[in-house]
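Following: one structure in structure tokens, then a few remarks.
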Amino acid sequence: MLAAAAACLASRAPAQTTPSTAAPGGQAPAAFGVVGTNYTDFTFGEDRRESFSPSVIHDYDFTYNQSVFSSELWGLDSNVRYDYAASGARGHSDHRQEVLAGTTAYMLQSWGKPFVSADAGYAWQRAGVVARKSFADDFTGGVEFQVLRQLAVSPFVEYQSEPHLWNDIRNAFFPDRQWDYGVKATYRFTPQWGVSAGLQMDQFSRDDWGYRLGVNFHF
């Protein structure tokens, strides 16, 4: 539903590009949103879950993104991410850290930027008295729509896994494989600074949902 609403809003919004900013051939400029730009981003998130314990997870994410290649039709980014998630329930606590690196490929269209990202790295977790380590991967696909000149909206689907972090501590449990579905809005209020907000749901229950708030610096 979130993705459909974003697509509808984007299709009804008037074009905001000018001849000085539009790419050749009538393509959308690469500068709006975050896909295809150089930026750093810090995001705080909270996930509320009804399907299993713990019911609340706090997430902190730092991303460095670099544009590697860009043409009139498509482009390529590289990125490095650090993610820290923490929760606790009934005397148990769970802390998970991940370091990931990867790439994002995208297309430049007049209506937006379809993109797909692939990241891989390392994760380690401590839940109660159990500590685990694992390789980690993350795959994301979506479209970044330019709704207004400084506002972009991105419906997305994300799959992440850390296959060796699973454990039997029910009171402090992180899934080792998970699908998320959501939408993210990014507003650039100066050429360098922007903010973002997002909502997402997971595969386990329609009552499992989360939000993300972030600030990004473009260079």
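Counted residue by residue at 0.36 nm each, then reduced by the alpha carbon distance between them, the extension gain from PHE204 to LEU76 reaches 42.8 nm. Proximity of backbone amide H atoms, modeled 1.01 Å from N, is registered between ALA136 and GLY121, TYR122, ALA123 at under 5 Å, excluding neighbours fewer than 5 places apart on the same chain.
Between amide H atoms placed 1.01 Å from N, distances below 5 Å from ASN38 occur with SER67, PHE219, all of them 5 or more places distant or on a separate chain. The string of couplings for segment 100-108 from the Karplus curve (6.51, -1.76, 1.60, θ = phi - 60°) is 10, 9, x, 9, 10, 9, 8, 10, 9 Hz, one whole number per residue in order, with x for Gly and Pro.
Amide H to amide H distances under 5 Å link ASP176 with no residue, where only residues 5 or more positions off or on other chains count and H is placed in the peptide plane. I need the calculated FRET efficiency for the pair VAL56 and HIS164, taking r as the beta carbon distance and R₀ as 25 Å, to the nearest 0.05. After rounding, the FRET efficiency stands at 0.55.
Net charge of the neighbourhood of ALA197, taken over other residues with C-beta under 9 Å away and scored Lys/Arg +1, Asp/Glu -1, is +2.
On the beta carbon distance between GLN66 and VAL157, with R0 = 25 Å, the FRET formula returns roughly 0.55. The label-point distance for TYR84 and TYR122, in a model that sets each label 7 Å from Cα toward Cβ, rounds to 1.8 nm. For the pair ASN38 and ALA101 in one chain, pulling the backbone fully straight at 0.36 nm per residue adds 21.2 nm over the alpha carbon distance. How far apart, in nm, are two points set 7 Å out from the Cα along the Cα-to-Cβ line at GLN192 and at PHE135? Going by the 7 Å Cα→Cβ label model, 4.0 nm.
No lab work stands behind these numbers, since they all come straight from the coordinates. This is a predicted model, so every value here is computed, not measured. Note: ideal-geometry Cβ built from the backbone for every residue, glycine included; neighbour counts use all protein chains shown.
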